[in-house]
Amino acid sequence: MSARYQVTGTTAVEISASIESGIRAAALPPGAALPPVRALAAELAVSPATVARAYQELRQRGLVVTAGRHGTRVRPRPPVAARRSALRPPPAPGLRDLSTGEPDATLLPPLGPHLATLAAAAGAPVSYSGAGVLPELVEAARARLAADGVPAGELTITGGALDGIERLLGAHLRPGDAVAVEDPGWANLLDLVAALGLRPIGVPVDDDGPLVAGVRSALAAGARALVVTSRAQNPTGAAVSAHRAGELRELLAGRPDLLLIEDDHAAELARVPLHPLAGATPTWAFLRSVSKPFGPDLRLAVLVGDETTVARVAGRARVGAGWVSTVLQRLVLALWRDPAVTELVDRAAGSYERRRGALLAALARRGLAAHGRSGINVWLPVPDETSALTTLRDAGWTVAPGALYRIAGPPGLRITVSRLADGDVEPLADALADAVRPAPGVGFTA
Ligand SMILES: Cc1ncc(COP(=O)(O)O)c(C=O)c1O
């Protein structure tokens, strides 16, 4: 814990409020360790049970995580807003930052021309009664999904993939329910699951997607929902293969009670075919975000699923946020229809594939087996994340620690290649090879 932040309070409510306030003020930054229960209890002159209750409340709300001998820590992205700069401190000057998971901004379609066209064509202001999902967007989305073999279902629009996942989990599960998620898996999803008070059950992943045995044991352990990334799995780059999809569909077919959520966020950027699981269970949803190919700021995803599931999501949205702005819907439609944008997205896909391939090949030449079948990330198993990160920093690179993505899986690093220049590949591979070597043992040598 930050030496300067003094937790105060004599009741569980006061103690948890004091810690929350420390998180908000960034005095307790992401990853900060809270004092052991007994130590804080002694310091505040309260019983250990009082501090334990405060920690439990914060844990249930997804603000902190307790991980065995590592004690209780602030989550990487706790669901209370802290100063933005505290959430992701800028890398030290001179460091090359490959930790972001962002697409290459120079390969995102420029929005200016389409915004200008929309502005020129804008009619009367859209009212509450005139808003909703645009039929022409639905039609275009259906055609795009059908081309990839996604079963036809009901369709709605959400404010991005994560918004869709949140709405799906909220519509079907209750706090305390278990959700099967990939391990390693998308850090934002792990944070969301924690913030919703749900219990994640990790499912190991290989290059072909979630392991069948892992899904089977998550189901046996009571998972009420399963979230699978179709392609460009974050952080490993896995893509569900035809064979794995067949096995998983067979396993899931007997599970009418399971909510199956499929996240195809890579969408048009994925250079591998889609093998959907959608429809394997009666309760299912397939999400396709526009963030990676067209730009994260568009905040839009298409959600298709069975009638009940989509009706719950759309109905809940109607009594809350309402709808995704038709301005955004029109913009996405314009981007989808523009052949020049299609070409640019295809160029981006090719560029990511080339950069990923170059890094994987360079690592293979150094005897390192890394992962990255699709997407913008490469996952490199390492014996020790902290020492690997230190070695890399000394060599001028910063990458994302695997701890952000792992539940119980082995350590690794996520390297975002979206902006990796050709000339950087060999020096980076050298630095990674150094980082992977186990730290020399301490002690005397002759
Ligand atoms: C696995 C996964 N799903 C979805 C997204 C995109 O989510 P959103 O549509 O909320 O921007 C990302 C972005 O990094 C991701 O890694």
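The values are calculated or read from the model by the stated rules, or taken from the named source; none is laboratory data. As the structure is a computational prediction, the values presented were derived from the model and not from experiment. All Cβ positions, glycine included, derive from the backbone under ideal geometry; neighbour counts span all protein chains shown. For accessibility, only protein heavy atoms count, side chains too; no ligands or nucleic acids. Shrake-Rupley method; radii C 1.70, N 1.55, O 1.52, S 1.80 Å.
To keep it simple, each residue is scored yes or no on (1) among the aliphatic types (A, V, I, L, M); (2) open to solvent by less than 30 Å² (accessible area, probe 1.4 Å).
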site: Gly254; (1), (2): no, no
site: Ala285; (1), (2): yes, yes
site: Arg288; (1), (2): no, yes
site: Lys292; (1), (2): no, no
site: Pro296; (1), (2): no, no
site: Ala311; (1), (2): yes, no
site: Val327; (1), (2): yes, no
site: Arg337; (1), (2): no, no
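Among the residues of segment 343-380, count how many are in a strand (DSSP E or B), hydrophobic (A, V, I, L, M, F, W, C) and open to solvent by 40 Å² or more (accessible area, probe 1.4 Å).
The qualifying residues number 0.
Take the conditions part of a strand (DSSP E or B) and within 11 Å of the ligand (Cβ to nearest atom) and apply them to Ile201. Does it pass?
Spelling it out, it is not the case that Ile201 is part of a strand (DSSP E or B) and within 11 Å of the ligand (Cβ to nearest atom).
Restricted to segment 174-198, and to residues that are over 13 Å from Asn234 (Cα atoms) and open to solvent by less than 10 Å² (accessible area, probe 1.4 Å), which residue is farthest from the ligand (Cβ to nearest atom)?
By that ranking, first place goes to Ala178.
Can you tell me which residue is most open to solvent (accessible area, probe 1.4 Å) among those in segment 151-167 that are assigned to a helix (DSSP H, G or I) and more than 9 Å from the ligand (Cβ to nearest atom)?
Taking the candidates together, the pick is Glu166.
Considering each residue of segment 264-276, count those that are surrounded by fewer than 24 Cβ atoms within 10 Å (Cβ to Cβ) and either within 16 Å of the ligand (Cβ to nearest atom) or of a type in the set (Phe, Trp, Tyr) (or both), and give that number.
Qualifying residue count, segment 264-276: 5.
Return the pair list, or none, for Cβ contacts closer than 6 Å from residues in segment 396-411 that are over 18 Å from Ala194 (Cβ atoms) to residues that are β-branched (Val, Ile, Thr), at least 6 apart or on different chains.
Val399/Ile415; Pro411/Val382
What number of residues within segment 204-237 satisfy the criterion of being in a loop (DSSP other than H, G, I, E, B), of a type in the set (Gly, Ala, Ser) and within 16 Å of the ligand (Cβ to nearest atom)?
Qualifying residue count for the region: 3.
Quickly run through segment 244-258 and pick out the residues that are assigned to a helix (DSSP H, G or I) and touching a helix residue (DSSP H, G or I) at 6+ places or on another chain (Cβ under 8 Å).
Arg244, Glu247, Leu248, Leu251, Leu252 - these are the residues of segment 244-258 that are assigned to a helix (DSSP H, G or I) and touching a helix residue (DSSP H, G or I) at 6+ places or on another chain (Cβ under 8 Å).
For Ile261, are the conditions met, namely being out of contact with any His (no Cβ under 8 Å at 6 or more places or on another chain) and open to solvent by less than 10 Å² (accessible area, probe 1.4 Å)?
Yes; evaluated as a whole, the condition is true for this residue.
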